[in-house]
Amino acid sequence: MRVVHGGGAGHRAAYVAFDRFPSSKGSAVHIAQMADELFTRFGGGLLAVIGGADLPRYQREGTREVARFDTPVPNLIDRAEAFSRWVAGHLEPHRDTLEVCHVRDPWSALPAVADGRRHRVLYEVNGLPSIEMAHTWPWAAPGTLAKIRDLERFCLERSDAVVVPSAVIGAAVRRFGVPETKIHLVPNGAEVPGPAERPVDAPERYIVYVGALQPWQGLDVLMRAFARLADLDGLRLVVCASVPERRAKPVRRLAERLGIADRVDWRFTLPHSEVAAWLAHAEVSVAPLTGCARNLDQGCAPLKVIESMAAGVPVVASDLPAVRELMADGVHGRLVPADRPAELARAVRILLEYPDEAAAMGRRGRERVERGLTWARSRALLAEVYRTIAPSDR
C-alpha cells in the first residue's frame, strides 16, 4: 500500500481515529479538541482518520498532516481491518521519532501497540465496539463480537494509559482487567458561547434535539412524547440531526404514523456554530437516551447535554448514570426514567409551564459548565496524562 506523507523529519505525535473527520457529529468536535492539544504539546503531528469523496486524502497545515482513508469497503469489519493496515503504513515513516500515539478504537490501536515500538500509546475509550456494534449492527454474529472484545482487551492491556470521558465508561474498561491506576477521566467539554442571533427560520416556540439518530439515542421515545404535547398550540420540535437526511427515514415515518410530522422541523448536518444558535433559542433541550446496554453497561458521555447547558438551556434527559455525572435533577433541568414517553412529555410540559424556573435551571447549567466542563479544563487534564506517559519535551 502506497503511503503519502509530507516528507522531512518524522513526527513526534499521531492521533488516529476510525471516524470521519471533519463532520457534524459530536465525535468530530471531540477529536478536534483532543488532537489540537496533542499537536500543540508535541509541535505538530499526524492525524489519520476516515475521509470521503468530498475530503482530500492528504493535507498539510504547517507542522500538522492529515491523512484520510477513503477506500470503499462495504463490509464494516473488512473496512476496519483495511483501515488498520493503512494506519500501520502511515505510522511506519515516523517509527524512529514518534513519542505518543493517541488512538480512539481497537483498529487504530492495533498497529500502534505493535511489538518493538518506542512510542507510548494512549487509548481513548469513548465506546466499546464489542458492545456498541450489537446495537448498530444487530445481525453481527456473537463470534464476531467476541473476537472484537478480545482485540479490545489486547489493545487495552498493551496501551500505556487509557482515557475515558465518563466514570461509567471507566467502569466498563476496568471489567477488561485494566488497573485503576492506568485509567484517567477526561470528560467532554463545551465552549460557553456568547449571544447568538436567532436562526431566521426558527419557530416562535420550540424544543430541540441535537445529535445522531441511532436507536440508542431514543428518537422514537421523543416522538411519542411530543405526540402527547399536541395540545400546546404553536410548539414545535426541531431536530438538528448530525447525519444525512436519508438516515432519518425511520424516525420520519414514525412521526407520520403519530400524526406529528407537520410539527417537526428537520435540520441536517448543520455546522457546529449554527447548532449552537438553535440551542440558544430553544425553550428546552431533550436528550432521550434509551436504557439499553450500550448506554448502561458501556456508558456514554453525551456532548449534547453539556452543550445545551453551556447555551443556558434547561435539559430534559434520561436518568442514566452517565447523565447524572453531568447534570442534577431539578438543578440544571429534569431527569426522567428512560424509555418512558409519558414521563418525558410531563417533564417538558412542566418546564414550559414554569418559564422562570426553567430559565433559572438554564443559568445554573451554564454555570456548571463554566466551573468544570469546559474544553480548556478537559485539555488540561489530557495534557497531564501526556506528561505522565511522555514526560520529556525534546
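The values are calculated or read from the model by the stated rules, or taken from the named source; none is laboratory data. Just so we're clear, the structure is a prediction, and the values are computed from it rather than from any experiment. Cβ coordinates were reconstructed from backbone atoms using ideal geometry, including for glycine residues, and neighbour counts include every protein chain displayed. Only protein heavy atoms, including side chains, enter the accessible area calculation; ligands, DNA and RNA are left aside. Shrake-Rupley method; radii C 1.70, N 1.55, O 1.52, S 1.80 Å.
I need the helices (runs of 4 or more DSSP H) fully contained in the range 89-207, keeping only those with at least 1 residues that are open to solvent by 50 Å² or more (accessible area, probe 1.4 Å) and farther than 30 Å from Glu65 by Cβ.
Because the criterion is at least 1 residues that are open to solvent by 50 Å² or more (accessible area, probe 1.4 Å) and farther than 30 Å from Glu65 by Cβ, the helices (runs of 4 or more DSSP H) in the range 89-207 that meet it are 129-136, 142-158, 167-174.
Name the residue that is least open to solvent (accessible area, probe 1.4 Å), counting only residues in the range 349-376 that are under 20 Å from Pro187 (Cβ atoms) and not in a helix (DSSP H, G or I).
Only one residue fits best here, namely Leu373.
For Arg379, only one of the following conditions fails: (1) in the same structural domain as Val173 (by TED's automatic domain parsing); (2) among the charged types (D, E, K, R); (3) loosely packed, with under 14 Cβ neighbours inside 10 Å. What is its number?
That leaves (3) as the condition not met.
Quick one: is Gly44 in the same structural domain as Val385 (by TED's automatic domain parsing) and out of contact with any Gly (no Cβ under 8 Å at 6 or more places or on another chain)?
no
Among the residues that make up the range 116-138, is at least one of them closer than 24 Å to Glu384 by Cα, among the aromatic types (Phe, Trp, Tyr) and within 24 Å of the chain's Cα centre (by Cα)?
Yes, there is a match, as at least one residue in the range 116-138 is closer than 24 Å to Glu384 by Cα, among the aromatic types (Phe, Trp, Tyr) and within 24 Å of the chain's Cα centre (by Cα).
Anything in the range 27-83 that is among the β-branched types (Val, Ile, Thr) and outside any helix (DSSP H, G or I)? List them, or say none.
If the condition is that a residue be among the β-branched types (Val, Ile, Thr) and outside any helix (DSSP H, G or I), then Val49, Ile50, Thr63, Val66, Thr71, Val73 are the ones that fit.
From the list Ile77, Ile50, pick out the single residue that is touching a residue at least 24 places away in the same chain (Cβ under 8 Å) and under 15 Å from Ile31 (Cβ atoms).
So the residue among Ile77, Ile50 that is touching a residue at least 24 places away in the same chain (Cβ under 8 Å) and under 15 Å from Ile31 (Cβ atoms) is Ile50.
Quick check on the range 225-241. Is at least one of its residues part of a loop (DSSP other than H, G, I, E, B), assigned by TED's automatic domain parsing to the domain that holds Gly365, in contact with a Lys or Arg (Cβ under 8 Å, 6 or more places away or on another chain) and within 21 Å of Lys25 (Cβ to Cβ)?
The answer is no; no qualifying residue exists.
So that you can scan it fast, the table gives a plain yes or no per residue for (1) assigned by TED's automatic domain parsing to the domain that holds Leu258; (2) farther than 28 Å from Glu370 by Cα; (3) in contact (Cβ under 8 Å) with a residue 12 or more places away in the chain:
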site	(1), (2), (3)
Asp160	no, yes, yes
Gly170	no, no, yes
Ile183	no, no, yes
Leu222	yes, yes, yes
